[in-house]
1. With a Förster radius of 56 Å, plug the Cβ-Cβ distance of residue 290 and residue 121 into 1/(1 + (r/R0)^6) and report the FRET value to the nearest 0.05.
2. Working out 0.36 nm times the residue gap between residue 315 and residue 197, then minus their Cα-Cα distance, what length gain in nm do you get to one decimal?
3. Long-range amide H contacts for residue 259: which residues qualify at under 5 Å (H placed 1.01 Å from N, peptide plane, sequence gap of 5 or more or a different chain)?
4. Taking the mean number of other Cβ atoms within 10 Å as a proxy for protection, how do you rank 294-301, 55-62 from highest to lowest?
5. So if each residue of separation counts as 0.36 nm, and I subtract the Cα-Cα distance between residue 268 and residue 323, what length gain in nm does that give?
6. Would you mind getting me the FRET efficiency between residue 344 and residue 64? Use the beta-carbon distance for r and R0 = 41 Å, nearest 0.05.
7. Using the Karplus equation 6.51 cos²θ - 1.76 cosθ + 1.60 (θ = phi - 60°), what ³J(HN,Hα) coupling, rounded to whole Hz, does each residue of the range 207-213 give in order, writing x for Gly and Pro?
8. Grab the Cα-Cα distance for residue 299 and residue 5, subtract it from 0.36 nm times how many residues apart they are, and report the gain in nm with one decimal.
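Any read-out appearing in this document is the output of simple, stated calculations on the displayed coordinates, not a laboratory observation. Predicted, not measured: the structure shown is a model, and the values here were computed from it. Because the Cβ atoms are built from the backbone with ideal geometry, glycine has one as well, and the counts that use them run over all protein chains shown.
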Amino acid sequence: MAKEKVYIFDTTLRDGEQVPGCKLDTKSKLSIAERLDEMGVDIIEAGFPVSSPGDFKSVVEISKLVKNAQVCGLTRAVKKDIDIAADSLKNAKYPRIHTGIGTSEYHIKHKFNSTEEKILERATSAVKYAKTKVNDIEFYAEDAGRTGNDFLAKICEEVIKVGATVLNIPDTTGYCLPDEYGEKIKYLKENVKGINKAIISCHCHNDLGLATANSISGVSSGARQIECTINGIGERAGNTSLEEVVMILRQHPSLKLQTSIKSKYLYSTSLMVSELMGIIVQPNKAVIGSNAFAHSSGIHQDGVIKNRETYEIIDPKDVGVDKSSIILTARSGRAALAYRAKNIGFELDKIQLDKVYNEFLKLADAKKEIYDDDIQKIVKAANIK
Ligand code: KIV
Ligand code: ZN
């Protein structure tokens, strides 16, 4: 059976940029947008145009620059927001307006002091109005993760009737469990009339570390778009990480799903966003962290030297990393030392290796990590040429 496509909606420049203290200027946003386009992202959420003149300008410039991807602007279910978003997207080849409103009891009662009927009316009016501006309208039901399935299905059905093309089901607070989120998507697939006219989108936050698992559960249950950010950045604990979902779908053919992302751009794009935003990526971050392909214990090093796949499920080249690294520490064994020595031109026989290894351990106990120049010094001190 052929693989079905999952659209990748990148919101690094909107939800991702909501990280406190990480405001990007227009120039940086343009560099990121250009890279996302090159990498094969399907939809770039370029900003929230009504929020500030700077954000408006960024969406205008990104709309002019981007060649392949759709460019999207966020709005509340408010006419003025929609007017400004439509204006900012004027030059986009494929514009999308992303409008919506909170649908959970928390939002309806506490944020809006409103009722389900009134929220339904605001949602449909916003979609109807946005539809007079552009053809592609994504509707978000904010806090869908904590919204009862009956009301969620009702609002989805009504916005489809007035022209919504994509239904975003955000787990805004990162509360759902993967099965629960997947069940929600399945419920919508089975209970919303006209659901086949729209794409269901997963937008998961990472408050419990479940954003990636929830997004995968969502697409396994029938959603066909994932909203994510580079390095998983975003409000609080962040959003779904783009590199994780892309590589999960790629490494698991049994899911029969694929994206259009050119994965060899993942590592360099992660570095670019980290540098421009000034946010360090944790070393053990899946797929693109600095330790993702580094092996430091003796047993693992021996296995990887014999066959990379013993301890690696991704070929580092597939994500744009040159090669796996063998880190020399006091926990490394002879195989790793011999391997690294060979890389810098020293083929050690067994006796030489024993001699050098003892010196290596002494130094490794004193230092955290042993580098090539350390090996060179140890080997030369042992009179090995
Ligand atoms: O998390 C969320 O609910 C959002 C919406 C505004 C789409 O970011
Ligand atoms: Zn969000």
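1. Once rounded, the FRET efficiency stands at 0.65.
2. Additional length available on full extension: 38.7 nm.
3. It is 6, by chain and number.
4. Most protected by this proxy first, the peptides run 55-62, 294-301.
5. Extending this stretch completely gives an extra 18.4 nm.
6. 0.25
7. 4, 10, x, 10, 4, 5, 4
8. 101.9 nm
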